[in-house]
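Let me begin by presenting the structure, written as structure tokens, before commenting on it.
Here, each number is a calculation from the coordinates, and none is a lab measurement. It should be emphasised that the depicted structure is a prediction, and the values quoted were computed from it without experimental measurement. Here the Cβ positions follow ideal geometry from the backbone for every residue, glycine too, while neighbour counts run over all protein chains shown.
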Amino acid sequence: MQDKYQPTEVERSAQAHWNARDAYRVVEDASRKKFYACSMLPYPSGKLHMGHVRNYTINDMLTRHLRMKGYNVLMPMGWDAFGLPAENAAMKNGVPPAKWTYDNIAYMKKQMQAMGLAIDWSREVATCDPGYYKWNQWLFLKMLEKGIAYRKTQVVNWDPVDQTVLANEQVIDGKGWRTGAVVEKREIPGYYLKITDYAQELLDHVQHQLPGWPERVKLMQENWIGRSEGVRFAFPHDIRGEDGEPIGGGRMYVFTTRADTIMGVTFCAVAPEHPLAAHAAKTNPRLAQFIEDCKKGGTTEAELALREKEGMPTGLQVLHPLTGDPVDVWVGNYVLMGYGDGAVMGVPGHDERDFAFALKYDLPIMQVVHVDGQEYDYHRWQDWYGDKERGVTINSDVFSGLSYKEAVNAVAHKLAEKGLGEKKVTWRLRDWGVSRQRYWGTPIPIIHCETHGAVPVPYQDLPVVLPQDCVPDGSGNPLNRREDFLACQCPVCGKPARRETDTMDTFVDSSWYYMRYCDPRNEAGMVGEGAAYWMPMDQYIGGIEHAILHLLYARFWTKVMRDLGLVKVDEPFTKLLTQGMVLNEAFSRTGEKAGKQYYWTHELDIVRDEHAKVLSATAKADGLPVTYEGWTTMSKSKNNGVDPQDLIEKYGADTSRLYTMFTAPPEATLEWNDAALEGSYRFLRRVWAFGVKLAGLPADGGGAPGAQAKALRRELHGVLRQVDYDYQRMQYNTVVSGAMKMLNALEDFKALAEPGAQAVLREGFSILLRVLYPATPHITQVLWQELGYASAHGELLDAPWPEVDESAMVQDEIELVLQVNGKLRGAIRVPAAATREQIEAAAVASEAFTAHAAGAVPKKVIVVPGRLVNVVV
């Protein structure tokens, strides 16, 4: 074998060996215990980043370790290939999104293979492949039949220059990200999925059936689903529309969890799209303009929460449902039509948002809840104003003096008597709008006929194939200009018709890909026997940024597939690990016109203190200072990314893998450190050097191991016990540190002439190679072959995991601390089975005691078993 570690040659040799064996192809095997481990599939953006390397190495370590433990382990990979970035790249580069996507897939797959990942590439899927998205369309039609999918109008962001719908993230300060045009709100028809039908089950299962999920992720899911118990009731009115009939049947409905504060209502606010707002705007130009202004910007609850709360009176009044008093109706920019009934009761006395709104517009504030020992200040909000636990109603007529629950029940009962309201459970969760007015996505399988309206595409005509040669130019969906795509016949009457040009939200693609991995080539069905064998997934790995939408949609999709008889599982993912981000330092400078400019570290002169903390930085080009932004997620835009390919070429894939595993626990953030990377490389060189040394040792004469060889074996098996535990809890940083302890012990062993020494060294190194193999498979594979372990234990891929030898842990002798009059004076060695009397005798007879006792006679000997002996003189 080569004297020096050459990572390029080592990794080429190992990968050629695995490829020749088709080592990672996995088949269903009912005789073996299965384990399905999967990383969230990447978007093919062009290059892997270090976050990918970390995520996939975690998965790879798990896969390789469990395979050695005898499991049938599946680790697949695919591509979340549809989506907006491909369209943006197409507009920038003038190439079809399909070409850009497939070119990126090819490059990123090559990078993954260079990392030596144990991926079963025979199961690879790309969500832009018609063979995959056919089943998106198939299930959509099934959901349409069951009433889970339905069509309704939706409010969207419309760019009047590009003539296209924008996602919320494409709206920046109320303007289109590309054109800078003020975004308009438009109502257009689209398709929705009734995820709300599954709200209770989704909530129940996240609370009771996901013990292997992080608590913070479960809490995020619970909050997003958002179950609220309260009262839905109406404010009566006689506001009539142009047809002379009362608008909304003469009732303006609201929902509240604080019915106990109903006597504190001083105004009501409706969404800009509410029918009452539209009615009032017809005779009020200022209000009409305000409503139009409200429609500019994003539509999400999060965006509205950040907006300054603004309103305008409509001039309309509704009646308080219990007192009959008139209540002014305002239009509020913070009220969402899509949430509840698009109207809220304003109780500024006990709601912080309403309090601020009332102060801003000089609206009345009434205190109707009191907490003992607190004094109400009508000019300053205090948190106790909203306290449900300690609050008691006041100024509330017959409802005064009641606790929160008592008041809610009493108010609900009274409203029910009047036929105006009832207790109700509502959800923050809203039905999932899956229509996207964009090109690069799964075509929605609908045909529009002048006679029969929206008609489903017949199942036998699936997939509706997306043309792959379109080049978006920013002037709307190019499918609207593709007559070869648009023109078709109505499946009902056979007359000329037009295809739907909306495509599906890309969250649809990622909601079930993990099931398709189980049956990737099944043309007869969406899933088959593979899903029955592999699902549910045993371990899912991905970023915390997917903790809500992706995971929620995947859980919903699974339940729909279950109800359609496709799968038998309730939940798709048994355990979830959200790995931490990879961070690096960022440096920038803000110019007067050019905005913020980021710098690579090699472009800077950086001054650090003795702890490597940045004190100052200047640009080499002009000597002027730049701003240190601290540690932030690696990003191309911030010039602080590290290209995995550069690392592989310089240090090898094993070094990159080892570094990402050793530097931090999987769930923690990892701060990039070039010095630590070099340290990982040096460690692997030491591993190789020890292998070379071991290969050159002559065979020993056999026999029982000597004392030092026994001590080495005991130390190695002791570390192995800890490593076993760390593998079970996926604490791979301490696995690597355990491997380092093993190497240190092997290198420190000097008693080479002792009986059995070489055998213990070979056994110890075989343990080290197997412990290290899941993290650094290439170097360990080659050393395993070169040192002849394969002939004794089989291929490293499937070599049995080393077991702790309990007999090695038994000590013939133990060392005890020796104290004289409580002061440390040395140590003694005694047989492990020595009696108390034998230990006392050994202590008194020791040279250390004789030297320090100065002839004094022992008065008492205190023995602490297994630890120390103290001789009192």
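Size of the dipole of the chain about the Cα centre, Lys and Arg at +1 and Asp and Glu at -1 on the beta carbon, nothing else charged, in debye to 20? Can you show the working numbers first?
Details: 96 positive and 110 negative charges, 243 e Å.
In total the dipole reaches around 1160 debye.
Longer than 32 Å from Cα to Cα, which of LYS309/LYS596; LYS92/LYS282; LYS33/LYS559; LYS47/LYS620; LYS47/LYS596; LYS710/LYS860 are they? Say none if no pair is.
LYS92/LYS282; LYS710/LYS860
Give the order of ASP80, ASP29 when sorted by the count of other beta carbons within 10 angstrom, beginning with the fewest.
By the 10 Å Cβ count, ascending: ASP29, ASP80.
Label-point separation (nm) for LYS33 and ASP622, each offset 7 Å from Cα along Cα-to-Cβ?
Computed distance between label sites LYS33 and ASP622 equals 6.4 nm.
Size of the stretch 653-809 along its principal axes in angstrom, Cα-based, largest extent first?
50, 29, 29
Between ARG390 and ALA181, take the C-beta separation as r, use R0 = 35 Å, and let me know the FRET efficiency to the nearest 0.05. Could the numbers behind the result be given before it?
Numbers: r = 51 Å, r/R0 = 1.46.
After rounding, the FRET efficiency stands at 0.10.
Taking all pairs of different Cα atoms in the chain, averaging 1/r and flipping that mean, what Kirkwood radius in angstroms comes out?
Working: mean 1/r = 0.0305 Å⁻¹.
Result for the chain stands at 32.8 Å.
For the residues SER807, SER31, what sequence is obtained by ranking on other C-beta atoms within 10 Å, fewest first?
Exposure proxy ranking, most exposed first: SER31, SER807.
At R0 = 60 Å, how high is the FRET efficiency between HIS602 and GLU847 if r is their beta carbon distance? Nearest 0.05 is fine.
0.45
With the crude spin-label approximation of a point 7 Å out along Cα→Cβ, what separation in nm comes out for ALA532 versus ASP461?
Calculated label separation equals 3.3 nm.
In Å, what Rg and Dmax follow from the Cα atoms of the stretch 588-633?
11.1, 37
Mind jotting down the three principal axis lengths of the stretch 232-427 based on Cα atoms? Whole angstrom, largest first.
Extents along the principal axes, in whole Å: 48, 37, 30.
Run the simple label-point estimate for GLU747 and ARG12 please: 7 Å along Cα→C-beta, distance reported in nm.
The answer from the label model is 2.8 nm.
Please name whichever of VAL736, HIS717, GLN758 sits farthest to the positive end of the charge dipole of the stretch 653-809, dipole taken about the Cα centre and charges placed at Cβ: Lys and Arg +1, Asp and Glu -1.
GLN758
As a test of the formula, what do you get for the chain when each DSSP H run with n ≥ 4 contributes -39,500 (n - 2.57) and the sum is divided by the residue count, at 222 nm and rounded to the nearest 500 deg cm²/dmol?
Helix contribution divided over all residues of the chain: -11000 deg cm²/dmol.
Once fully extended, how much extra length lies between SER475 and GLU310, figured as 0.36 nm per residue of separation less the alpha-carbon to alpha-carbon distance?
Details: separation 165, 0.36 × 165 = 59.40 nm, distance 3.36 nm.
Full extension from SER475 to GLU310 adds 56.0 nm.
Given the stretch 232-427, what percent of its DSSP beta bridges are antiparallel, to the nearest 5?
Taking every DSSP beta bridge within the stretch 232-427, about 90 percent pair in antiparallel fashion.
Could you line up THR127, THR578, THR590 from fewest to most neighbouring Cβ atoms inside 10 Å?
Fewest-to-most ranking of THR127, THR578, THR590: THR590, THR578, THR127.
Of the cross-linked pairs LYS405/LYS568; LYS194/LYS568; LYS134/LYS424; LYS34/LYS110; LYS423/LYS575; LYS109/LYS575, which ones have a Cα-Cα span greater than 32 Å in the structure shown?
Exceeds cut-off: LYS405/LYS568; LYS134/LYS424; LYS423/LYS575.
Which aspartates and glutamates does LYS69 reach when only Cα atoms under 16 Å apart count, and residues fewer than 8 places away in its own chain are ignored?
Output for LYS69: ASP29, ASP60, ASP538, ASP724, ASP726, GLU795, ASP798, GLU803.
How much length is gained if the chain between VAL864 and ASP129 is pulled fully straight, taking 0.36 nm per residue apart and subtracting their Cα-Cα distance, in nm to one decimal?
257.5 nm
Taking only Cα atoms of the stretch 177-283, what ratio of Rg to Rh do you get with Rh as the Kirkwood inverse-distance radius?
On the way: Rg = 20.1 Å, Rh = 18.5 Å.
Rg/Rh: 1.09.
What is the packing order of peptides 216-225, 95-104, 849-858, taking the mean over residues of other C-beta atoms within 10 Å and listing the highest first? Could the numbers behind the result be given before it?
Working: 216-225: 16.2, 95-104: 20.1, 849-858: 12.7.
So the peptides 216-225, 95-104, 849-858, ranked by packing, come out 95-104, 216-225, 849-858.
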